[in-house]
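> Please find one structure pasted underneath; my questions will follow.
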């Protein structure tokens, strides 16, 4: 089962996506991963908001039999983000993908049909935070 949301590139979009994702997970009985999913989605959507000029950010949630996969699409082609190792001299910025990788079973960033990119992460059901 998949659900899709397209939202404007706005400062409020990460919160809207977080709340929507938690609602989906709780509705389908996957409360145990809701907090981690919320954190990961917030980081991915915030990255799309801060690092692109995309007028819209699209989020797709695929509820599978063993895991949920969340995809965040934006329109910044040619630049694929990658996790950076933490460094004591770096401020709090630039750690979002590292944080997602720490909580998700899988993380990828791939081109999206030449129109932008897709950041996608997967969380397995039954895993406590």
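The values are calculated or read from the model by the stated rules, or taken from the named source; none is laboratory data. For clarity, every value in this text was computed on a predicted model and none was experimentally measured. Positions of Cβ are backbone-derived with ideal geometry, glycine not excepted, and every protein chain shown enters the neighbour counts.
> So, residue 62, is that one modelled with pLDDT under 95 and either exposed (fewer than 14 other Cβ atoms within 10 Å of the Cβ) or closer than 22 Å to residue 4 by Cβ (or both) or not? Don't jump to the end; show me each part of the working.
Values: modelled with pLDDT under 95: no; either exposed (fewer than 14 other Cβ atoms within 10 Å of the Cβ) or closer than 22 Å to residue 4 by Cβ (or both): yes.
So residue 62 fails the test.
> In addition: Run down 48, 41, 109, 34 and say which single residue is outside any loop (DSSP other than H, G, I, E, B), surrounded by 14 or more Cβ atoms within 10 Å (Cβ to Cβ), within 14 Å of the chain's Cα centre (by Cα) and at pLDDT below 85. Step through it out loud before you land on a result.
Values: 48 fails: at pLDDT below 85; 41 fails: at pLDDT below 85; 34 fails: at pLDDT below 85.
Going through 48, 41, 109, 34 in turn, just one is outside any loop (DSSP other than H, G, I, E, B), surrounded by 14 or more Cβ atoms within 10 Å (Cβ to Cβ), within 14 Å of the chain's Cα centre (by Cα) and at pLDDT below 85: 109.
> If we keep just the residues of the range 6-25 that are in contact with a helix residue (DSSP H, G or I) (Cβ under 6 Å, 6 or more places away or on another chain) and under 19 Å from residue 123 (Cα atoms), which is surrounded by the most Cβ atoms within 10 Å (Cβ to Cβ)?
Across the range 6-25, the extreme among qualifying residues is 17.
> If you take the residues of the range 42-72 that are without any contact (Cβ under 8 Å) to a residue 40 or more places away in the chain and in contact with a helix residue (DSSP H, G or I) (Cβ under 8 Å, 6 or more places away or on another chain), which of them is farthest from residue 104 (Cα to Cα)? Walk me through it before giving the result.
Start the filter on the range 42-72 by keeping residues that are without any contact (Cβ under 8 Å) to a residue 40 or more places away in the chain, which leaves 42, 45, 50-51, 64-65.
From the residues that got through so far, the ones that are in contact with a helix residue (DSSP H, G or I) (Cβ under 8 Å, 6 or more places away or on another chain) too are 42, 45.
Details: 42: 13, 45: 15 Å.
That would be 45.
> Could you pull out the residue among 68, 72 that is at pLDDT 95 or above and touching a strand residue (DSSP E or B) at 6+ places or on another chain (Cβ under 6 Å)? First the steps, then the outcome.
Values: 72 fails: at pLDDT 95 or above.
Result: 68 is the single residue among 68, 72 that is at pLDDT 95 or above and touching a strand residue (DSSP E or B) at 6+ places or on another chain (Cβ under 6 Å).
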